[in-house]
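To keep things clear, I will list the structure first and then write my remarks on it.
The values are calculated or read from the model by the stated rules, or taken from the named source; none is laboratory data. The model shown is predicted, which means the values in this text are computed figures rather than measured ones. Quick reminder, even Gly has a Cβ in these numbers, built from the backbone with ideal geometry, and neighbours come from all protein chains shown.
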Amino acid sequence: MTDTRETAAADTTKAATDLTVFAVPEGKRISVGPPSLLALPNGKLLAAFDQTGPDVKGLPGKKGLDPRRNRWMQGRVMASSDGGATWGLSATYPFRHASLFRDGGDVYLLGEASGGLRLMRSPDGGGSWSAPLELSGDLELWCAPTAVVAQDAWWHVPCLAPSDGDWGVMVWQAPRGASLMNRKAWTAGPVSAPLARWAGGGGGCAVPWPGARPSWRFPVVFPEVNAGHPWHGGGRLQMVAPAGLGREHWAARAVMDAEGRIAPQMIGEGEPWLWTPWPGGHAKFDLALDEMSGRYWLAGSRGQARMTVGRGAGGEAAQRRIGVWASNGLEEWLPAAEVAGSEEGPAGVRCDPALAIAGGDLVVAYRAGGAQSRRARETARIGCVRLEKLRTQTL
(Lines give C-alpha, C1' and ligand atoms only; values in the text may rest on other atoms or scores of the structure.)
Protein backbone atom coordinates (compact mmCIF):
# COMPACT_ATOMS: atom_id res chain seq x y z
CA MET A 1 0.00 0.00 0.00
CA THR A 2 1.34 3.43 -0.92
CA ASP A 3 2.23 5.68 1.98
CA THR A 4 0.14 8.87 1.76
CA ARG A 5 3.12 10.89 2.92
CA GLU A 6 5.16 9.64 -0.04
CA THR A 7 2.26 10.40 -2.39
CA ALA A 8 2.00 13.97 -1.09
CA ALA A 9 5.74 14.46 -1.52
CA ALA A 10 5.66 13.08 -5.05
CA ASP A 11 2.74 15.31 -6.05
CA THR A 12 4.50 18.38 -4.68
CA THR A 13 7.72 17.55 -6.50
CA LYS A 14 5.86 17.01 -9.74
CA ALA A 15 4.17 20.41 -9.47
CA ALA A 16 7.40 22.24 -8.66
CA THR A 17 9.37 23.98 -11.41
CA ASP A 18 13.12 24.48 -11.36
CA LEU A 19 13.54 28.25 -11.75
CA THR A 20 16.74 30.19 -12.32
CA VAL A 21 17.64 33.02 -9.96
CA PHE A 22 20.97 33.73 -11.67
CA ALA A 23 23.27 32.03 -14.16
CA VAL A 24 26.93 32.88 -14.80
CA PRO A 25 27.29 34.27 -18.34
CA GLU A 26 28.78 31.79 -20.79
CA GLY A 27 32.55 31.97 -20.99
CA LYS A 28 33.00 33.75 -17.65
CA ARG A 29 35.37 32.16 -15.11
CA ILE A 30 33.05 32.75 -12.17
CA SER A 31 31.55 30.42 -9.58
CA VAL A 32 28.58 31.12 -7.32
CA GLY A 33 28.44 30.31 -3.60
CA PRO A 34 25.73 29.09 -1.21
CA PRO A 35 22.63 31.33 -1.27
CA SER A 36 20.64 32.99 1.48
CA LEU A 37 16.89 33.39 0.95
CA LEU A 38 14.31 35.72 2.51
CA ALA A 39 10.54 35.97 1.94
CA LEU A 40 8.96 39.34 2.82
CA PRO A 41 5.37 39.76 4.08
CA ASN A 42 4.31 41.36 0.78
CA GLY A 43 5.36 38.23 -1.15
CA LYS A 44 8.66 39.59 -2.46
CA LEU A 45 11.64 37.22 -2.43
CA LEU A 46 15.28 38.20 -1.94
CA ALA A 47 18.26 35.92 -2.60
CA ALA A 48 21.92 36.71 -1.86
CA PHE A 49 25.02 34.76 -2.91
CA ASP A 50 28.76 35.11 -3.57
CA GLN A 51 30.64 35.28 -6.84
CA THR A 52 34.29 34.21 -6.97
CA GLY A 53 36.80 33.49 -9.72
CA PRO A 54 39.28 35.28 -12.01
CA ASP A 55 36.63 37.23 -13.93
CA VAL A 56 35.01 38.79 -10.85
CA LYS A 57 37.61 41.56 -11.01
CA GLY A 58 36.09 42.90 -14.25
CA LEU A 59 32.45 42.87 -13.10
CA PRO A 60 30.58 46.16 -12.60
CA GLY A 61 29.35 47.01 -9.13
CA LYS A 62 30.85 46.79 -5.65
CA LYS A 63 33.73 44.33 -5.19
CA GLY A 64 36.15 43.40 -2.45
CA LEU A 65 39.65 41.95 -2.43
CA ASP A 66 40.67 39.26 0.03
CA PRO A 67 44.27 40.22 0.84
CA ARG A 68 45.02 36.89 2.49
CA ARG A 69 44.20 34.91 -0.65
CA ASN A 70 44.59 37.71 -3.22
CA ARG A 71 41.13 36.93 -4.63
CA TRP A 72 38.33 39.23 -5.72
CA MET A 73 34.83 38.70 -4.38
CA GLN A 74 31.44 40.14 -5.17
CA GLY A 75 28.03 39.30 -3.80
CA ARG A 76 24.70 39.81 -5.54
CA VAL A 77 21.24 40.37 -4.09
CA MET A 78 18.50 39.30 -6.50
CA ALA A 79 14.81 40.18 -6.06
CA SER A 80 11.58 38.60 -7.34
CA SER A 81 8.10 40.11 -7.12
CA ASP A 82 6.29 37.25 -8.90
CA GLY A 83 6.93 34.34 -6.56
CA GLY A 84 10.31 33.40 -7.99
CA ALA A 85 9.39 33.17 -11.69
CA THR A 86 11.65 36.09 -12.66
CA TRP A 87 14.51 37.79 -10.85
CA GLY A 88 16.32 41.11 -11.16
CA LEU A 89 19.44 42.59 -9.60
CA SER A 90 18.81 44.46 -6.33
CA ALA A 91 22.40 45.18 -5.23
CA THR A 92 26.02 44.10 -5.34
CA TYR A 93 28.19 43.97 -2.23
CA PRO A 94 31.94 43.61 -1.51
CA PHE A 95 31.84 40.73 0.99
CA ARG A 96 30.79 37.06 1.14
CA HIS A 97 29.03 34.29 3.09
CA ALA A 98 26.13 36.68 3.72
CA SER A 99 22.74 36.05 5.33
CA LEU A 100 19.52 38.01 4.77
CA PHE A 101 17.17 38.77 7.66
CA ARG A 102 14.38 41.23 8.50
CA ASP A 103 13.93 43.31 11.65
CA GLY A 104 10.66 45.24 11.57
CA GLY A 105 10.52 47.18 8.30
CA ASP A 106 14.25 46.88 7.59
CA VAL A 107 16.07 44.16 5.68
CA TYR A 108 19.69 43.41 6.56
CA LEU A 109 22.51 41.57 4.86
CA LEU A 110 25.27 40.32 7.15
CA GLY A 111 28.48 38.64 5.97
CA GLU A 112 32.25 38.81 6.25
CA ALA A 113 35.16 40.28 4.33
CA SER A 114 38.78 39.43 5.12
CA GLY A 115 37.56 37.88 8.34
CA GLY A 116 35.52 40.80 9.73
CA LEU A 117 31.74 41.22 9.83
CA ARG A 118 30.06 43.56 7.32
CA LEU A 119 26.44 44.74 7.38
CA MET A 120 24.13 46.46 4.86
CA ARG A 121 20.59 47.75 5.41
CA SER A 122 17.63 48.23 3.11
CA PRO A 123 14.71 50.32 4.45
CA ASP A 124 12.44 49.50 1.51
CA GLY A 125 12.48 45.73 1.01
CA GLY A 126 15.56 45.57 -1.18
CA GLY A 127 14.84 48.62 -3.32
CA SER A 128 17.86 50.54 -2.01
CA TRP A 129 20.79 49.63 0.22
CA SER A 130 23.18 51.43 2.54
CA ALA A 131 26.95 51.32 2.16
CA PRO A 132 28.55 48.34 3.96
CA LEU A 133 29.33 48.95 7.63
CA GLU A 134 32.38 47.30 9.19
CA LEU A 135 31.20 45.82 12.48
CA SER A 136 34.11 43.91 13.95
CA GLY A 137 37.41 45.00 12.45
CA ASP A 138 39.84 42.53 10.92
CA LEU A 139 39.08 39.22 12.63
CA GLU A 140 39.50 35.65 11.48
CA LEU A 141 35.83 34.67 11.05
CA TRP A 142 33.92 32.37 8.74
CA CYS A 143 30.19 33.04 8.41
CA ALA A 144 27.57 30.56 7.27
CA PRO A 145 24.73 31.78 4.99
CA THR A 146 21.98 30.21 7.08
CA ALA A 147 18.96 31.63 8.91
CA VAL A 148 19.63 34.50 11.35
CA VAL A 149 17.54 33.62 14.39
CA ALA A 150 15.65 35.74 16.90
CA GLN A 151 15.30 34.44 20.45
CA ASP A 152 13.61 36.62 23.07
CA ALA A 153 14.90 40.17 22.52
CA TRP A 154 18.06 39.24 20.58
CA TRP A 155 19.32 38.37 17.15
CA HIS A 156 21.86 35.52 17.06
CA VAL A 157 24.40 34.99 14.29
CA PRO A 158 26.73 31.94 14.50
CA CYS A 159 30.13 31.90 12.82
CA LEU A 160 33.39 29.98 12.98
CA ALA A 161 36.57 31.37 14.55
CA PRO A 162 40.06 29.91 15.17
CA SER A 163 40.32 27.74 18.26
CA ASP A 164 43.30 25.66 19.34
CA GLY A 165 44.56 25.01 15.81
CA ASP A 166 41.09 24.26 14.41
CA TRP A 167 37.70 25.99 14.26
CA GLY A 168 35.39 26.77 17.13
CA VAL A 169 31.93 28.38 17.12
CA MET A 170 31.07 31.85 18.37
CA VAL A 171 27.72 33.67 18.32
CA TRP A 172 27.30 37.40 17.66
CA GLN A 173 24.26 39.05 19.21
CA ALA A 174 22.36 42.31 18.77
CA PRO A 175 19.07 43.59 20.30
CA ARG A 176 15.96 43.28 18.17
CA GLY A 177 14.56 46.63 17.14
CA ALA A 178 17.83 48.43 17.89
CA SER A 179 19.83 50.49 15.43
CA LEU A 180 21.76 47.53 14.01
CA MET A 181 23.93 49.83 11.85
CA ASN A 182 25.65 50.84 15.08
CA ARG A 183 28.79 48.86 15.93
CA LYS A 184 28.00 49.13 19.65
CA ALA A 185 24.80 47.12 19.15
CA TRP A 186 26.80 43.96 18.36
CA THR A 187 28.59 41.81 20.91
CA ALA A 188 30.38 38.49 20.50
CA GLY A 189 30.26 35.45 22.73
CA PRO A 190 33.36 33.38 23.52
CA VAL A 191 34.79 30.93 20.99
CA SER A 192 34.06 27.28 21.71
CA ALA A 193 36.59 24.49 21.75
CA PRO A 194 37.11 22.57 18.49
CA LEU A 195 34.60 19.79 17.98
CA ALA A 196 37.40 17.21 17.86
CA ARG A 197 38.15 18.07 21.51
CA TRP A 198 34.69 16.87 22.48
CA ALA A 199 34.52 13.90 20.11
CA GLY A 200 35.06 10.25 20.81
CA GLY A 201 33.83 6.88 19.64
CA GLY A 202 34.75 4.68 16.70
CA GLY A 203 33.04 2.48 14.10
CA GLY A 204 29.82 0.53 14.23
CA CYS A 205 26.98 2.61 15.65
CA ALA A 206 29.27 5.23 17.11
CA VAL A 207 30.05 8.54 15.41
CA PRO A 208 32.37 9.62 13.83
CA TRP A 209 33.55 7.02 11.35
CA PRO A 210 37.14 5.86 12.00
CA GLY A 211 39.64 8.16 10.30
CA ALA A 212 37.28 11.15 10.18
CA ARG A 213 38.26 14.32 12.03
CA PRO A 214 35.14 16.14 13.18
CA SER A 215 35.15 19.90 12.69
CA TRP A 216 32.36 22.48 12.80
CA ARG A 217 30.85 23.54 9.45
CA PHE A 218 27.88 25.80 8.60
CA PRO A 219 26.38 25.99 12.13
CA VAL A 220 22.62 26.58 12.38
CA VAL A 221 21.04 27.92 15.55
CA PHE A 222 17.34 27.84 16.36
CA PRO A 223 15.13 28.89 19.27
CA GLU A 224 14.83 26.79 22.38
CA VAL A 225 12.34 23.96 22.06
CA ASN A 226 9.44 23.39 24.47
CA ALA A 227 10.16 22.63 28.11
CA GLY A 228 9.01 19.01 27.82
CA HIS A 229 11.51 18.16 25.09
CA PRO A 230 14.74 16.28 25.94
CA TRP A 231 16.69 19.03 24.17
CA HIS A 232 15.28 21.76 26.37
CA GLY A 233 18.08 23.66 28.08
CA GLY A 234 16.27 26.34 30.05
CA GLY A 235 16.23 29.39 27.79
CA ARG A 236 19.30 28.57 25.70
CA LEU A 237 19.70 28.36 21.95
CA GLN A 238 20.15 25.01 20.25
CA MET A 239 22.74 24.49 17.52
CA VAL A 240 23.17 21.74 14.92
CA ALA A 241 25.92 21.65 12.31
CA PRO A 242 27.38 19.39 9.63
CA ALA A 243 30.76 18.30 10.89
CA GLY A 244 32.56 15.91 8.52
CA LEU A 245 31.68 12.82 10.53
CA GLY A 246 32.13 10.35 7.66
CA ARG A 247 28.44 9.39 7.76
CA GLU A 248 25.54 10.75 5.77
CA HIS A 249 22.54 12.14 7.66
CA TRP A 250 24.35 12.65 10.96
CA ALA A 251 25.22 16.01 12.49
CA ALA A 252 26.85 17.51 15.56
CA ARG A 253 24.82 19.42 18.12
CA ALA A 254 25.42 21.77 21.04
CA VAL A 255 23.68 24.40 23.17
CA MET A 256 24.33 28.07 23.92
CA ASP A 257 23.86 29.44 27.42
CA ALA A 258 22.76 32.95 28.44
CA GLU A 259 26.36 34.23 28.23
CA GLY A 260 26.77 33.02 24.67
CA ARG A 261 29.01 30.05 25.52
CA ILE A 262 28.77 27.01 23.24
CA ALA A 263 29.01 23.64 24.97
CA PRO A 264 27.73 20.10 24.56
CA GLN A 265 24.44 19.26 26.18
CA MET A 266 24.89 16.69 28.90
CA ILE A 267 22.73 13.63 29.39
CA GLY A 268 21.94 14.09 33.05
CA GLU A 269 25.31 14.25 34.75
CA GLY A 270 26.92 11.73 32.41
CA GLU A 271 28.15 11.77 28.83
CA PRO A 272 27.79 14.70 26.41
CA TRP A 273 25.10 14.36 23.74
CA LEU A 274 27.17 15.31 20.68
CA TRP A 275 25.66 13.50 17.68
CA THR A 276 22.17 13.26 16.26
CA PRO A 277 20.57 11.61 13.20
CA TRP A 278 19.73 14.56 10.97
CA PRO A 279 18.45 14.74 7.36
CA GLY A 280 21.22 16.14 5.20
CA GLY A 281 23.45 16.48 8.25
CA HIS A 282 26.58 15.64 6.22
CA ALA A 283 26.40 18.92 4.23
CA LYS A 284 25.04 22.46 4.49
CA PHE A 285 21.33 22.54 5.36
CA ASP A 286 18.82 25.22 6.34
CA LEU A 287 16.14 25.09 9.01
CA ALA A 288 12.98 27.15 9.54
CA LEU A 289 10.45 27.07 12.37
CA ASP A 290 6.85 27.60 11.32
CA GLU A 291 5.66 29.59 14.33
CA MET A 292 1.97 29.17 13.48
CA SER A 293 2.05 25.35 13.56
CA GLY A 294 5.19 24.72 15.61
CA ARG A 295 6.50 22.54 12.78
CA TYR A 296 10.14 22.55 11.72
CA TRP A 297 11.04 22.52 8.01
CA LEU A 298 14.47 21.46 6.82
CA ALA A 299 16.07 21.61 3.36
CA GLY A 300 19.22 19.59 2.85
CA SER A 301 21.14 17.08 0.80
CA ARG A 302 19.44 13.74 0.22
CA GLY A 303 22.84 12.09 -0.12
CA GLN A 304 23.35 8.97 -2.18
CA ALA A 305 20.84 6.25 -2.90
CA ARG A 306 22.89 3.78 -0.85
CA MET A 307 24.29 4.21 2.63
CA THR A 308 27.74 5.75 2.31
CA VAL A 309 30.39 6.05 5.01
CA GLY A 310 33.98 7.23 5.17
CA ARG A 311 35.42 9.54 2.52
CA GLY A 312 32.44 9.13 0.19
CA ALA A 313 29.94 10.52 2.70
CA GLY A 314 29.03 14.02 1.57
CA GLY A 315 31.35 13.90 -1.45
CA GLU A 316 30.57 14.94 -5.01
CA ALA A 317 28.35 11.91 -5.65
CA ALA A 318 26.15 12.99 -2.71
CA GLN A 319 25.65 16.54 -4.01
CA ARG A 320 23.02 15.88 -6.67
CA ARG A 321 19.76 15.66 -4.76
CA ILE A 322 18.04 18.11 -2.41
CA GLY A 323 15.04 17.28 -0.27
CA VAL A 324 12.68 18.87 2.25
CA TRP A 325 11.73 17.23 5.53
CA ALA A 326 9.23 18.15 8.25
CA SER A 327 9.26 17.50 12.00
CA ASN A 328 7.03 18.39 14.91
CA GLY A 329 9.68 17.71 17.55
CA LEU A 330 13.13 17.39 15.95
CA GLU A 331 13.23 13.64 16.63
CA GLU A 332 11.20 12.14 13.78
CA TRP A 333 11.67 13.66 10.31
CA LEU A 334 9.16 12.97 7.55
CA PRO A 335 10.15 13.38 3.88
CA ALA A 336 7.99 16.13 2.39
CA ALA A 337 9.36 16.73 -1.12
CA GLU A 338 12.28 16.18 -3.46
CA VAL A 339 13.41 19.61 -4.61
CA ALA A 340 16.15 18.91 -7.12
CA GLY A 341 17.88 15.95 -8.68
CA SER A 342 20.09 15.79 -11.72
CA GLU A 343 22.64 13.91 -13.79
CA GLU A 344 26.12 12.83 -12.73
CA GLY A 345 29.27 14.89 -12.90
CA PRO A 346 29.96 18.52 -11.92
CA ALA A 347 27.16 19.82 -14.16
CA GLY A 348 24.65 17.80 -12.13
CA VAL A 349 25.58 19.23 -8.74
CA ARG A 350 22.69 20.54 -6.64
CA CYS A 351 23.76 21.57 -3.15
CA ASP A 352 23.78 24.06 -0.25
CA PRO A 353 20.04 24.90 -0.04
CA ALA A 354 18.43 27.90 1.65
CA LEU A 355 14.82 27.77 2.84
CA ALA A 356 12.07 30.39 3.28
CA ILE A 357 8.40 30.22 4.28
CA ALA A 358 6.26 32.27 1.89
CA GLY A 359 2.57 32.24 2.75
CA GLY A 360 1.33 28.67 2.39
CA ASP A 361 4.34 27.74 0.27
CA LEU A 362 7.96 26.83 0.88
CA VAL A 363 10.70 28.24 -1.34
CA VAL A 364 14.12 26.60 -1.65
CA ALA A 365 17.13 28.17 -3.37
CA TYR A 366 20.35 26.26 -4.04
CA ARG A 367 23.47 26.35 -6.15
CA ALA A 368 23.85 24.17 -9.22
CA GLY A 369 26.50 23.09 -11.67
CA GLY A 370 26.67 24.18 -15.29
CA ALA A 371 28.27 23.19 -18.55
CA GLN A 372 31.45 25.06 -17.60
CA SER A 373 31.75 23.40 -14.16
CA ARG A 374 34.94 21.33 -13.92
CA ARG A 375 34.58 20.41 -10.23
CA ALA A 376 31.71 20.02 -7.81
CA ARG A 377 32.38 23.34 -6.07
CA GLU A 378 32.51 25.30 -9.35
CA THR A 379 28.78 25.95 -9.47
CA ALA A 380 27.49 28.30 -12.15
CA ARG A 381 23.79 28.80 -11.34
CA ILE A 382 21.50 29.66 -8.45
CA GLY A 383 18.30 27.68 -8.80
CA CYS A 384 14.97 28.03 -7.01
CA VAL A 385 11.92 25.83 -6.47
CA ARG A 386 8.58 26.94 -5.03
CA LEU A 387 6.67 24.14 -3.28
CA GLU A 388 3.10 25.32 -3.43
CA LYS A 389 0.79 24.65 -0.47
CA LEU A 390 3.32 22.26 1.10
CA ARG A 391 3.19 24.19 4.36
CA THR A 392 -0.52 23.40 4.79
CA GLN A 393 -0.34 19.70 3.91
CA THR A 394 -0.74 17.01 6.54
CA LEU A 395 2.36 14.84 6.55
Taking region 41-70 and keeping residues closer than 30 Å to Gly360 by Cα and either under 18 Å from the mean Cα position of the chain (by Cα) or surrounded by 21 or more Cβ atoms within 10 Å (Cβ to Cβ) (or both) leaves Leu45, Leu46, Ala47, Ala48, Phe49, Asp50
Could we say that Ser342 is closer than 24 Å to Gln238 by Cα, of a type in the set (S, T, N, Q) and surrounded by fewer than 24 Cβ atoms within 10 Å (Cβ to Cβ) here? no
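Table: residues versus (1) within 26 Å of Ala196 (Cα to Cα); (2) in contact (Cβ under 8 Å) with a residue 12 or more places away in the chain; (3) within 15 Å of the chain's Cα centre (by Cα); (4) assigned to a loop (DSSP other than H, G, I, E, B).
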position: Thr146; (1), (2), (3), (4): yes, yes, yes, yes
position: His156; (1), (2), (3), (4): yes, yes, yes, no
position: Ala174; (1), (2), (3), (4): no, yes, no, no
position: Ala178; (1), (2), (3), (4): no, no, no, yes
position: Met181; (1), (2), (3), (4): no, yes, no, yes
Of the conditions (1) touching an Asp or Glu at 6+ places or on another chain (Cβ under 9 Å); (2) of a type in the set (Gly, Ala, Ser); (3) farther than 16 Å from Asp124 by Cα, the single one that Gly58 does not satisfy is (1)
Listed by range, strands (runs of 3 or more DSSP E) wholly within region 36-84 having at least 3 residues that are modelled with pLDDT of 95 or more are 36-39, 45-52, 71-80
Can you confirm whether region 343-366 contains a residue that is within 20 Å of His249 (Cβ to Cβ), part of a loop (DSSP other than H, G, I, E, B), free of Cβ contacts under 8 Å to residues at least 24 places away in the same chain and of a type in the set (Asp, Glu)? no
Would you check if there is a residue in region 138-160 being modelled with pLDDT under 95, small (Gly, Ala, Ser), buried (at least 18 other Cβ atoms within 10 Å of the Cβ) and under 29 Å from Arg311 (Cβ atoms)? yes
For region 264-286: of the residues being in contact (Cβ under 8 Å) with a residue 12 or more places away in the chain and part of a strand (DSSP E or B), which is surrounded by the most Cβ atoms within 10 Å (Cβ to Cβ)? Asp286
Checked pairs for region 111-133, first part of a loop (DSSP other than H, G, I, E, B), second aromatic (Phe, Trp, Tyr), C-beta under 7 Å and 6 or more apart or across chains, list as Pro132/Tyr93; Pro132/Phe95
Among the residues of region 13-33, how many are assigned to a loop (DSSP other than H, G, I, E, B) and at pLDDT 90 or above? 8
Of the residues in region 158-172, those that are part of a strand (DSSP E or B) and of a type outside the set (Asp, Glu) come to Pro158, Cys159, Leu160, Ala161, Pro162, Ser163, Trp167, Gly168, Val169, Met170, Val171, Trp172
For Ala252, state whether it is under 18 Å from Leu330 (Cβ atoms) and aliphatic (A, V, I, L, M). yes
For region 362-385, give me each residue that is under 14 Å from Lys284 (Cβ atoms) and either of a type in the set (Phe, Trp, Tyr) or surrounded by fewer than 20 Cβ atoms within 10 Å (Cβ to Cβ) (or both). Tyr366, Ala376, Arg377
In region 287-326, how many residues are in a strand (DSSP E or B) and not hydroxyl-bearing (Ser, Thr, Tyr)? 16
